[in-house]
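Okay, so here's the structure we're looking at.
FYI, it's all coordinate maths here, none of it is from the lab. The model shown is predicted, which means the values in this text are computed figures rather than measured ones. When we count neighbours, we look across all protein chains shown, and the Cβ atoms used for this are built from the backbone with ideal geometry, even at glycine.
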Amino acid sequence: MKGHPGDPVAFEPNKTLTARVERAVAAVLRREGHLTYPALLCDLGVLTKQDLEAWRAGRVPYLEKVTRTNLTRLSRIQTAVRRIARARNWKRTVTGLKRGRRYSKTSHPFVEEEYAAYYRPAHPQLPAAQPRKGGVTRGS
């Protein structure tokens with residue numbers, strides 16, 4: 001249904017991609033405790049474990065070469081991750097780039113840095129209280 005004249009326009013061309021990225025981000029965080037692009041791309045089905053290992057072993061010149069999507073979609077995935085991280089106030093850390101390991105064909109510093117970054121919640125949720133030997137938890 002079209003909006004009425006004067007209504008604000010909700011422009012979300014990547015709504016389904018963003019939803020997929022959010023689900024994959026949540027899965028990677030539950031599994032690993034932090035988010036890296038290679039793990040996210042594997043979860044999204046854009047990168048296979050075999051191709052990731054080939055890249056890590058140096059048999060592939062750059063990671064983007066073995067992704068199963070186009071560069072526009074990869075860029076939109078990165079944008080979605082940055083928006084999610086900013087909205088949730090996550091800490092961004094850039095790992096040291098390993099010599100000889102490239103993420104992109106162009107080796108552009110911004111692109112390389114973004115792929116090398118990992119995100120983690122600023123305040124990770126504390127694990128549930130574990131029962132003591134006597135079966136009583138603290139505060140009970």
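Of note:
- Put a plus charge on the Cβ of each Lys and Arg, a minus charge on the Cβ of each Asp and Glu, and nothing anywhere else: the dipole of the range 50-99 about its Cα centre is then about 300 debye.
- Positive-end extreme of charge dipole, the range 15-120 - chosen from Pro61, Pro38, Tyr118 (charges on Cβ): Tyr118
- Cβ crowding within 10 Å averaged over residues, with 15-28, 48-61 ranked highest first: 15-28, 48-61
- Debye-formula intensities of the range 15-120, expressed as log10 I(q)/I(0) at q = 0.15 Å⁻¹, are -0.59 (one equal scatterer per alpha-carbon, no solvent).
- Here the contact order of the range 15-120, divided by its residue count and restricted to Cα pairs under 8 Å and six or more residues apart, works out to 33 percent.
- Of Lys49/Lys105; Lys15/Lys91; Lys49/Lys98, those spanning more than 22 Å from alpha-carbon to alpha-carbon: Lys15/Lys91
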